[in-house]
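Worksheet for the structure shown next.
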Amino acid sequence: GWSGGGIDLSACPAPGPAAGWQGPDGTLHYVSRFGPRLWHAASADGGQTWSPLTIQPEFTDSPSRKVFGMLPNGQVYYLGNPIPNSRAQLVLALSDDGWHFDRARVVRWEPVAPQFPSPRKNYQPGYEHVSAVVHDGKLYAVYSICRERIELSVVDLNDLNGGSKP
């Protein structure tokens, strides 16, 4: 039921890969990365109009794909790499209102290295290009390791109660 209004991207010099979600109050959220920060716009009218795209000074991000979604209890989740210029940690962050992600858990953090080094792989190795789905009380996170292999981590949603402050 969403309909299209445009998001003014002019404040962000070069928006990176986009992500989006619908918050518990129905607000639509759009995020894009530029540099080490996420930029955010929101729509409270189903996408007809959008707030200006603004930098989120307290939400850092790495140049890799991230994903947002809603858990069955209404919390919004972020799954990605929040350390600027690093993919060494895959982090699950939670928000009660869809705006403030104030609890976080590290999903993967073990050091990884390419099994097949190549001069064409000019990047920081780690956990990247994540996707996720929630099913039967679990969050299934799928991601690449060093752009060479795919792994799956399963997070039991019952274990998320009272996640620690980041």
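The values are calculated or read from the model by the stated rules, or taken from the named source; none is laboratory data. Here the structure is a predicted model, which means the values were calculated and not measured. Using ideal geometry, Cβ is built from the backbone for each residue, glycine included, and neighbour counts are taken over all protein chains shown. We work out accessible area using only protein heavy atoms, side chains counted, and drop any ligands, DNA or RNA first. Shrake-Rupley method; radii C 1.70, N 1.55, O 1.52, S 1.80 Å.
If Val76 passes every condition in (1) loosely packed, with under 14 Cβ neighbours inside 10 Å; (2) touching a residue at least 40 places away in the same chain (Cβ under 8 Å) but one, which one does it miss?
So the condition that Val76 fails would be (1).
Conditions: (1) open to solvent by less than 70 Å² (accessible area, probe 1.4 Å); (2) at pLDDT below 85; (3) under 19 Å from Asp61 (Cα atoms). Pro166 meets all but one. Number of the miss?
Failed condition: (1).
Determine which single condition Gly47 fails, assuming it passes every other condition in (1) out of contact with any strand residue (DSSP E or B) (no Cβ under 8 Å at 6 or more places or on another chain); (2) on the phi > 0 side of the Ramachandran plot; (3) touching a residue at least 40 places away in the same chain (Cβ under 8 Å).
(1)
Can you give me the ranges of the strands (runs of 3 or more DSSP E) entirely in the stretch 87-156 with at least 1 residues that are farther than 27 Å from Thr54 by Cβ?
101-108, 127-135, 138-145, 149-156
Which of the residues spanning the stretch 80-101 are open to solvent by 30 Å² or more (accessible area, probe 1.4 Å) and closer than 12 Å to Phe68 by Cα?
Once the filter is applied, which keeps residues that are open to solvent by 30 Å² or more (accessible area, probe 1.4 Å) and closer than 12 Å to Phe68 by Cα, the stretch 80-101 yields Trp99, Phe101.
Please specify each residue of the stretch 32-52 satisfying the condition of being aliphatic (A, V, I, L, M) and modelled with pLDDT under 90.
Listed by number, the list holds a single entry, Leu38.
Under the condition of being open to solvent by less than 30 Å² (accessible area, probe 1.4 Å) and among the aliphatic types (A, V, I, L, M), which residue from the stretch 1-45 is nearest to the chain's Cα centre (by Cα)?
Only one residue fits best here, namely Ala19.
Go over the candidates Val130, Val142, Val154, Val106 one by one and state the one that is open to solvent by 50 Å² or more (accessible area, probe 1.4 Å) and in contact with a Leu (Cβ under 6 Å, 6 or more places away or on another chain).
Val142
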